Every structure is written in structure tokens, then in C-alpha cells.
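Read through the structure below, which is laid out as C-alpha cells, and then see the notes.
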Amino acid sequence: MDVYGWLRPALFRLPADRAHDLAHLALRLPLPFRLLGPSARAGDRRLATDLAGIPLANPVGLAPGFDKNGDLLPSLQHLGFGYIVIGSLTPEPRAGNPRPRLVRYPDRLSIANSMGLPNQGVDAAVRRLRSRPITHTAVIASVAGFSPESILAGVAALEPYVAAVEVGLICPNTSESERMREIELVGDLVAELGRRRTRPTFVKLPPYHSGEDRTRVLAMADLCIVAGIDGVSLNGGRHVVEPRLSVGHGSLAGRETFPDALRIVGEVADHAAGRLAIRASGGVFTGDDAAAMLRAGAVTVEVYSSFVYRGWRVAEQINRRLLDILTRESGGSVEQLTKRS
């Protein structure tokens, strides 16, 4: 029985922010999801993959932004994901932007958000991870900040408690001089990360929609390669004007971003030529979407919007379709779908 299919119409009658709160409230009760666990896991060795040295049961992860503080991990770890990304976490707690900060586009299976990185801070996440170790799935911590120094401090604090870290530098990025400064800051950050890291490390690269920005992002990828960074995370999001958001604009996520995400993954994978492990997100709703991303060069895919629209069995559904594709095409493993250079 598709319980979420029954619940979704009621949830979608609520404002998106309120429905988001209710979902979080439900996920604070681990027992129902622990009982769901055995049926939510596809459990086939053909789905196993390796992400920069991290063994995963399957290539489907939960993207950062849903579990911002790691407090939902006791429930989320039972929903069939190969890994879960918590955060993004900042050095100090942040309240984020005023509400409303989420708007749904159900006919387009997309979401606009202007969250503003609300989170309880790195220290709170460390305390939570230390007191409640997660054993059923790998956890990656996403760390964001406005300077390399603050990000490096957050990474050092979180590394002992997670399988890997992801870092993202928040830059204004509104003028040519600021874009040049962004390249310099990324270079400083990845060089230091390469020297200090004790866990696999990923850098979150911005999406791009112009030739100039493509050149800039590929230059960032080159800096990661030179520094010995393990991989990058890529998405196809873009800026959207949305008067229903409190700040009047935000980032678009969901099905509409899939073509751009697929293009960016393919271009970065071609450029990196196997030297960076790629985690891809942006409109992945089905196993066919996931297979397309893997063929373009991703090692794993991550979902967020499809978790909202399709519910807590989305990882299982994607993985079962991947198994169908493997059976039909080759009978091999999911790793064989990934483009090899």
C-alpha cells in the first residue's frame, strides 16, 4: 500500500513550509521507519558501489538540505539510501531567511527555496553524531562558510564522526572582481583541505548556465584535482524570481533542473577524466534518471525534491528500477553503468 500517496494530497494542501515541518516531526519518531527498513532496502549486491573509498550498498543518496542538523538520521537511515548528506552546517547557528521560504510547483515537480542555510551549527551536529552513532548507512556532512578558515574548522570538528565531508564556499558572486576572488578563495580552500583532510572530501561546485561560468567552474575542478580532492558534487539549480518567497527570489530545484544537471555532470566528467568522483543531484525522480546520470559520469545520485513528491520509498523505487535496467542490459553491476574514461 502506498501510504504516502494517500497522505500527499493532505500535505500539499498545507503551505510548503508547514508540510516540511510536519515531515520533520514525523521523522523524529524512529520506530515506524525502523519497521519499514527491511522492505525499503533493495538489498542486491549489483547495486553496491564505491564512492571515493566509501563502500555503499547502493548509489542513491539523500541530498543536503533535508536533514540540516543530523537529528533525523535515526529514522532516515532505514529508508534505503546508500548514504545521507546532513547540513549544510555553518560554524555558528543560523536562523535562515524569514518564512515563507519554500514554494512548490506540483505540475512541474519542482520547488523554489530561499532557506538561507538555517542550522544549529557545527558544534550541535558534532554533539549529536557523537552521542548517536549511525550504523545503517554512510553519513556525509556538508559544511558551508564565508571563509576558508571557518570551513576548515568545521571540517576538522566533523571528520571523526562521518564517512566524508563536503564543503561549499558562500560567495556573493555578483561582479567580475568577486568572481575572480571566488576562484582565489576556492584555490586556498582546496589546497589546505588537500593537506589536512583525514576523510574523503568533496567540493560543492556551483551550477553554470553560460560559457563564462562554465570556464570558471571547470577551473575550480582543476584546482580540486591539483589539490588531491576526492570528488565534487554537482547540480543543475538556477536562480528564480518568486514573489511568494519572503525575500522574493530563491533557487529552483526539482524535475525542471534535470537537463542542466545532466549536461553539467557530463561536461565536468569529461573534463576531469576520472580524476574526481562525482555526486550528482538535480531532478532525479526515477531509476532511468539515475541511470542517465551514472552514464554521464556520476558515481552516485542524490534526491531531495523527489523525496518530497514521491515519499519515503523513493530510494527503493529508484534502486529497483536500476536493477531492472541492469537485468535488461547486461546483468552486471551498477558500477558498470558509470562512464569510464
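The values are calculated or read from the model by the stated rules, or taken from the named source; none is laboratory data. In this text the structure is predicted, and so the values were computed from the model without any measurement. Quick reminder, even Gly has a Cβ in these numbers, built from the backbone with ideal geometry, and neighbours come from all protein chains shown. Protein only, heavy atoms only, side chains kept; ligands, DNA and RNA dropped before computing areas. Shrake-Rupley method; radii C 1.70, N 1.55, O 1.52, S 1.80 Å.
Using a 1.4 Å probe on the protein chains only, how many percent of the accessible area of the chain belongs to carbon and sulfur?
C and S fraction of accessible area: 55 percent.
Considering only protein heavy atoms, what per residue accessible area in square angstrom results for the chain with a 1.4 angstrom probe?
43
Specify the inter-centroid distance of region 71-112 and region 221-254, based on alpha-carbon positions, in whole Å.
Here the answer is 14 Å between Cα centres.
Report the extension gain between Leu31 and Arg195 in nm, rounded to one decimal, defined as 0.36 nm multiplied by the number of residues separating them, less their alpha carbon distance.
54.9 nm
Write down the percent of antiparallel bridges among all DSSP beta bridges whose residues are both part of the chain, to the nearest 5.
Within the chain, antiparallel bridges account for around 35 percent of the total.
If you average the sequence gap of Cα pairs under 8 Å that are 6 or more apart and divide by the length of the chain, what percent do you get for the contact order?
18 percent.
Taking the Cα centre of the chain as origin, work out the dipole magnitude from +1 charges on Lys and Arg Cβ and -1 charges on Asp and Glu Cβ, in debye rounded to 20.
980
Taking θ = phi - 60°, what integer Hz values does the Karplus form 6.51 cos²θ - 1.76 cosθ + 1.60 yield along region 71-77, in sequence order, with x for Gly and Pro?
The phi angles translate into 7, 9, 4, x, 8, 4, 5 Hz.
Which percentage, to the nearest 5, of the DSSP beta bridges contained in region 1-146 is antiparallel?
55
Running Debye on region 175-275 with equal point scatterers at the Cα sites and no solvent, what base-10 log of I(q)/I(0) appears at q = 0.15, 0.19, 0.23 Å⁻¹?
-0.69, -1.00, -1.23
From a point 7 Å beyond the Cα of Thr286 in the direction of its Cβ, which residues of region 52-89 have a backbone N at a distance under 20 Å?
59-61
Taking the radius of gyration and the Kirkwood hydrodynamic radius from Cα positions alone, what is the Rg/Rh ratio for the chain, to two decimal places?
Reported Rg/Rh (Cα atoms, Kirkwood Rh): 0.93.
For region 114-267, what does the relative contact order come out to in percent, with C-alpha contacts under 8 Å and a separation of six or more?
Computed over region 114-267, the figure is 18 percent.
Amide H neighbours of Leu89 under 5 Å, at least 5 residues apart or on other chains, H built in the peptide plane: list them.
The list, which skips near neighbours in sequence, is Ser142, Val143, Ala144.
Amide H neighbours of Val303 under 5 Å, at least 5 residues apart or on other chains, H built in the peptide plane: list them.
Gly61, Leu62, Ala63
When DSSP assigns beta bridges and you keep just the ones with both residues in region 89-238, what percent turn out antiparallel, to the nearest 5?
30
Placing +1 on the Cβ of each Lys and Arg and -1 on the Cβ of each Asp and Glu in region 202-341, which of His271, Leu322, Ala290 has its Cα farthest towards the positive end of the resulting dipole?
So the residue we want is Leu322.
What is the set of long-range amide H partners of Asp230 at a cut-off below 5 Å, with H atoms built 1.01 Å from backbone N?
Amide H neighbours of Asp230: Thr201.
If you place +1 on the Cβ of every Lys and Arg, -1 on the Cβ of every Asp and Glu, and leave all else neutral, what size is the dipole of region 77-125 about its Cα centre, to the nearest 20 Debye?
240
About the Cα centre, and with charges only on the beta carbon of Lys, Arg (+1) and Asp, Glu (-1), how big is the dipole of region 82-183? Nearest 20 debye, please.
For region 82-183, the charge dipole is close to 500 debye.
Pick out the long, greasy-scoring helices in the chain: whole DSSP H runs spanning 18 Å or more along their own axis by Cα, mean Kyte-Doolittle at least 0.0.
Length and hydropathy pass: 211-227, 258-272.
Largest first, how would Val308, Val241, Val139 line up by accessible area (1.4 Å probe)?
Sorted descending by solvent-accessible area, the residues read Val241, Val308, Val139.
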